[in-house]
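Asks: For reference, the structure I am asking about is given below.
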Amino acid sequence: MSFPTLFIDIILPLALPKLYTYRVPKELNDSIVVGKRVVVSFKTNKLYTGLIKEIKETPPKDYEAKYIISILDDEPIVTAEQFLLWEWMAAYYLCTLGEVMNAALPGGLKLQSETKISLTENYKDHLKIINDKEFLIIEALEISNIITLDEVSKILDQKTVFPIIKGMMDRGLLLIHEEINTKYKPRKQVYVSLSEAYSNKELLNKELDSLGKKAPKQAELLMSFLKLLYDDKERKEVVRDELIKYADSSSAFILQLVKKGIFELEEKEVSRLSNSAQDVEDKVDLNEFQLQAFQEINDHFQEKDILLLHGITSSGKTEIYIHLIEEVLAQGKQVLYLLPEIALTTQIINRLKKHFGNLVQVYHSRLSENERVEVWRNLLNKTSNKAYENISVILAARSGIFLPYHNLGLIIVDEEHENSFKQYDPAPRYHARDSAMVLAKLFDAKTLLGSATPSIESYYNAATNKYGLVNLTKRHGGVLLPEILLVNIAEEKRKKLMKSHFSNLLIEEIKTALDKKEQIILFQNRRGFAPILECVTCGWSPHCINCDVSLTYHKSNESLRCHYCGYVGKIPKSCSACGNNDIKMKGFGTEKVEEELGIFFPDAVIARLDLDSTRSKYSYQQIIGDFESNKINVLVGTQMVTKGLDFNNVSIVGILNADSMLNFPDFRSYERSFQLMAQVSGRAGRQQKRGKVIIQCQNPLHPIIQHVLMNDYEKMYSEELSERNKFHFPPYHRLIKLTLKHKDFSLIDNASFHLSQDLKKVLGARVLGPESPLVSRVRNLFLKDILIKIERESSIRNAKKMIMDTIINFKGLADYKSVTVHIDVDPY
Ligand code: ADP
Ligand code: ZN
Ligand code: ZN
């Protein structure tokens, strides 16, 4: 029998355009399987974990393949479908497989470039023939046990240390420190149980008596333990920490009982994922409109793979989802339920858990890396914990598309219009909704998009029959849509009727609501206190030192902050330009609204929900929870308050300054303003009572304000559509945005001009720019944008190939090597 020489293509966690090929030592041939991780050296002195993508028998043409160093996994950790999705993403979003892998794998499964080495057990047997450098390394390891390759570099004062390390490894002196294999450590818990001998009741009682006299603390502990077992007849053992807490004892006393042969300890692996046993409730009956929508959805799915459910706020879309999920589970298939990160509150999690119990697993950024690995492993079916064998509903934020499914039947993308489904940075700059459709296709599964305010693209796709469309126009329980009142603040100001940022009407309505113990939501699209400090004399305002943007004044910690880079500056006492002392605040943010409202309503409990108030891990849940339980009367917030929450005591919603959204220079600003206003309005009013929405704006006749007033999505849609058509925007044209970055302005000025000229040679007038974006310098890098608009009818593939070829040529130019080019396909 002959053994072939095997070569493997590996995905490294780097932005490499191509896969690297490595050679397999023959003794490892049998263990090589696509989807396992391996340790390799790259660029001679760096060690990485990479993922086996392909196995072949031909060596690479242009270089000599290096040997892989070791294999990390016993079983593949990535499935065939995942590889297909990754490949699609890399091709579609014009990025590398390494970048996709980095986004896909939870941190606990990823390479550490800081690879650590340690001495082998019998390194002393091999010391006879070491040289000076090797001696230094061994000496360092004898002192500190583990060192990184970077540290080796420093010790030897040379860059390429890998050959030395490898030589030493070959001779049995060194090995890669284990940690790289076991970064993920299952959590262990110690269980206390009675020993075999003491399962005899008589013996146990005798022991208790004698302990009672000699060692009362131990007797108490034993009694508490027995009580726990008695309360739950099924129970044979107790988690040590739980016992200590319950008995108010300590582990020392437990050990004494172990020594006496009464207790036994056993360490067991437990899951980190919460596994509270819950009573699973029956789902609610659908009302007649929901039932009809549900049937239509099922009918459409006979022919269409993708469906849009356009259901107004509070129509009960979630209840329909629950019924659909049940159907899919009955077929033995998995469901992925995607929501924007911020909407993944306990509210929705509990609603699903109530019906599906432990079949539901959550996957979002609030899980620890270890928990994420655990979800991943459970889905791969490598779990030792029976309770998770059946996870079949994944409730996730955008990264949920990356999990290892094996049998998906349905993907629900709720609030599909939300821009947080798009990842801006780093690459892959993907849209989870669009990627989800590709994922679904790999499994022959269905995709259901849901929204009260669909994105123009999705609605267009439904209107042109690419997707099925189901409408749900009635709110559950006949709850009326809120009454919308417009206030012209330009006029109010002229008449001097405004009290700070609040119109008379708004103040009156808040007062009435507070008197009736009803709640209020105030929406202001800006955080901080005041967006700008400005010199009254010369107009100077303090700017960030790293970015070309003015600093926002935050009163709570008396600071000026940059919302782009986090820079914190001091508040100037006088104008830096003219020296005058008269500096005024312009504009207002959520912090100011909160403070001023407190002056008008000193007895009300007012809270703020924005990026600043929710930095710590649980603060968001906390604020939402307090608002739900009526501990908070008024919630002031940014768009965070608009996200799919369901409160039942909110009677007033105030939108303080609609103009700032409408005037934002972006082709989507009208669409977004409509969505935000319609969504936040949807929070007003419940079963018993019609709510009110008060919109303060400069121009009540603005078409978008009028469409919100009339709750006319269709009108907004058709007007937007003709604008998009006229100005070559989606859905008629596809956009690709290139952003060039460099710290030298004149270099990037030339570079962006050069690249855009090159692009125009192949794509002509489809290429726009270069232009400086609104904020033209961020973190000390100057930015230039080039926008490419490709008409829908022409081949996007060809266009992408031309763009990539042009960029590769451009990057090959010596002058522009150091320019970073970000590619954003379908920028949002
Ligand atoms: P949407 O997601 O469309 O905004 P939800 O699914 O959150 O709406 O439903 C709004 C409210 O109405 C929720 O409190 C929900 O429990 C309730 N609800 C919806 N449908 C029903 C139903 N068929 N029976 C009982 N309650 C329902
Ligand atoms: Zn900055
Ligand atoms: Zn000045």
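Asks: Among the numbered conditions (1) within 13 Å of ligand 1 (Cβ to nearest atom); (2) part of a strand (DSSP E or B), tell me where Glu416 comes up short.
Replies: Checking Glu416 against (1) within 13 Å of ligand 1 (Cβ to nearest atom); (2) part of a strand (DSSP E or B), the one that fails is (2).
Asks: Give Lys555, Lys493, Lys592, Lys516 a once-over and let me know the one that is of a type in the set (Lys, Arg), in contact with a helix residue (DSSP H, G or I) (Cβ under 9 Å, 6 or more places away or on another chain) and more than 16 Å from ligand 3 (Cβ to nearest atom).
Replies: Being of a type in the set (Lys, Arg), in contact with a helix residue (DSSP H, G or I) (Cβ under 9 Å, 6 or more places away or on another chain) and more than 16 Å from ligand 3 (Cβ to nearest atom) holds for just one of Lys555, Lys493, Lys592, Lys516, which is Lys555.
Asks: May I ask you to list the residues in the stretch 446-480 that are out of contact with any helix residue (DSSP H, G or I) (no Cβ under 8 Å at 6 or more places or on another chain) and in a loop (DSSP other than H, G, I, E, B)?
Replies: Within the stretch 446-480, Thr464, Asn465, Lys466, Arg475, Val479, Leu480 qualify.
Asks: For the stretch 46-103, which positions are open to solvent by less than 40 Å² (accessible area, probe 1.4 Å) and small (Gly, Ala, Ser)?
Replies: Passing the criteria: Gly50, Ala65, Ser70, Ala90, Gly98, Ala103.
Asks: Limited to the stretch 512-546, what total is found for residues that are farther than 30 Å from Ala604 by Cβ, crowded, with 16+ Cβ neighbours inside 10 Å and within 16 Å of ligand 2 (Cβ to nearest atom)?
Replies: Selection size over the stretch 512-546: 5.
Asks: Hey, another quick one. Quick one: is Lys741 in contact (Cβ under 8 Å) with a residue 60 or more places away in the chain, under 23 Å from Ser455 (Cβ atoms) and among the charged types (D, E, K, R)?
Replies: Judged against the criteria, Lys741 is not a match.
Asks: Let me ask something else about it. In the stretch 257-267, how many residues are surrounded by fewer than 16 Cβ atoms within 10 Å (Cβ to Cβ) and of a type outside the set (D, E, K, R)?
Replies: The qualifying residues number 3.
Asks: Within the stretch 1-40, can you find the residues that are over 32 Å from the mean Cα position of the chain (by Cα) and of a type in the set (Asp, Glu)?
Replies: Glu27, Asp30
Asks: Further question on the same structure: Taking Lys741 and the conditions (1) closer than 19 Å to Arg429 by Cβ; (2) in a helix (DSSP H, G or I), which numbered condition does it fall short on, given that it satisfies the others?
Replies: Failed condition: (2).
Asks: Still on this model: For the stretch 529-537, does any single residue satisfy the condition of being of a type in the set (Ser, Thr, Tyr), within 16 Å of ligand 3 (Cβ to nearest atom) and either part of a loop (DSSP other than H, G, I, E, B) or more than 33 Å from the chain's Cα centre (by Cα) (or both)?
Replies: yes
Asks: Let me ask something else. Tally the residues that are more than 9 Å from ligand 2 (Cβ to nearest atom), open to solvent by less than 70 Å² (accessible area, probe 1.4 Å) and under 29 Å from the mean Cα position of the chain (by Cα), restricting the search to the stretch 547-587.
Replies: Residues in the stretch 547-587 being more than 9 Å from ligand 2 (Cβ to nearest atom), open to solvent by less than 70 Å² (accessible area, probe 1.4 Å) and under 29 Å from the mean Cα position of the chain (by Cα): 6 in total.
Asks: Being within 16 Å of ligand 1 (Cβ to nearest atom), over 24 Å from Glu492 (Cα atoms) and of a type outside the set (Phe, Trp, Tyr) is the requirement here; does Arg672 meet it?
Replies: no
Asks: Restricting attention to the stretch 735-763, which residues are in contact with an Asp or Glu (Cβ under 9 Å, 6 or more places away or on another chain) and open to solvent by 70 Å² or more (accessible area, probe 1.4 Å)?
Replies: Within the stretch 735-763, Asn750, Val762 qualify.
Asks: Across the stretch 19-55, which residue is modelled with the highest pLDDT among those that are of a type in the set (Lys, Arg) and farther than 24 Å from Glu99 by Cβ?
Replies: Here the residue is Arg23.
Asks: Residues in the stretch 712-729: is at least one part of a helix (DSSP H, G or I), under 15 Å from Pro482 (Cα atoms), touching a residue at least 40 places away in the same chain (Cβ under 8 Å) and touching a helix residue (DSSP H, G or I) at 6+ places or on another chain (Cβ under 9 Å)?
Replies: No, that holds for no residue.
The values are calculated or read from the model by the stated rules, or taken from the named source; none is laboratory data. Every value quoted in this text rests on a predicted model; they were computed, and no experiment measured them. With ideal geometry, Cβ positions are generated from the backbone for all residues, glycine too; neighbour counts draw on all protein chains shown. For the accessible areas, the whole protein counts, side chains as well, though only heavy atoms, and no ligand, DNA or RNA atoms are used. Shrake-Rupley method; radii C 1.70, N 1.55, O 1.52, S 1.80 Å.
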